[in-house]
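The values are calculated or read from the model by the stated rules, or taken from the named source; none is laboratory data. Keep in mind the model is a prediction, meaning the values are calculated, not measured. When we count neighbours, we look across all protein chains shown, and the Cβ atoms used for this are built from the backbone with ideal geometry, even at glycine. Only protein heavy atoms, including side chains, enter the accessible area calculation; ligands, DNA and RNA are left aside. Shrake-Rupley method; radii C 1.70, N 1.55, O 1.52, S 1.80 Å.
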Amino acid sequence: MPYRMLVTKELSELLGVLAHPCRLRIVEELRAGEKDVNALSETIGIAHSGMSQHLSILRAHKLVAERRQGRNVFYHLRYPGLASWLLEGLEFITPDADNFQQLRSAVRKAKKAWS
């Protein structure tokens, strides 16, 4: 397979994994360090089972790793630069006219919180 096709295929798969809002939030939450499933579930506001499914997908694609301590499982980013890369991606969000101010404010707040 030519190198360009291989690279674009892999990048497309990565973007597909990150295409879910909950998985983006997980990456954002893990930027500061490891957290357990319960803390992530509470912070993001989804059920433990849903969180486990999202973490399973991120783990399968080697974006997060786990550390077990007794019955608790703690997750961390394998590549901490991923969170920074996503933060840089906020520059490419182009709001439509209807929600321009609201999205602009949300982007500003996200940049502050994620930095």
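Quick notes
- Where the Cα pairs of the range 35-115 fall when distances are cut into 10 Å bins, in %: 15, 36, 33, 14, 2, 0
- Trypsin sites (Lys or Arg not before Pro) within the range 34-70: DSSP coil, no more than 15 neighbouring Cβ in 10 Å: 62
- Gained length - residue 13 relative to residue 34, 0.36 nm times residue gap less alpha-carbon distance: 5.1 nm
- You can think of it this way: the chain between residue 47 and residue 65 has 4.5 nm of extra reach, that is 0.36 nm per residue less the Cα-Cα gap.
- Of all accessible heavy-atom area on the chain, the percent that carbon and sulfur account for (1.4 Å): 56
- Our summary gives the chain a relative contact order of 23 percent, counting only alpha carbon pairs under 8 angstrom and 6 or more residues apart.
- Applying the Karplus relation 6.51 cos²θ - 1.76 cosθ + 1.60 with θ = phi - 60° to the range 21-35 yields 3J(HN,Hα) values of x, 5, 5, 5, 5, 4, 4, 5, 5, 7, 4, 8, x, 6, 9 Hz, where x marks Gly and Pro.
- Near residue 64, the amide H atoms lying under 5 Å from its own belong to 59, 78; only residues 5 or more places off or on other chains count, and H is placed 1.01 Å from N.
- Debye log10 I(q)/I(0) for the range 1-59, one point scatterer per Cα, at q = 0.17, 0.22, 0.28 Å⁻¹: -0.59, -0.82, -1.14
- When the pairs 35/112; 9/109; 9/35 are compared against a 24 Å limit on Cα-Cα distance, 9/109; 9/35 fall above it.
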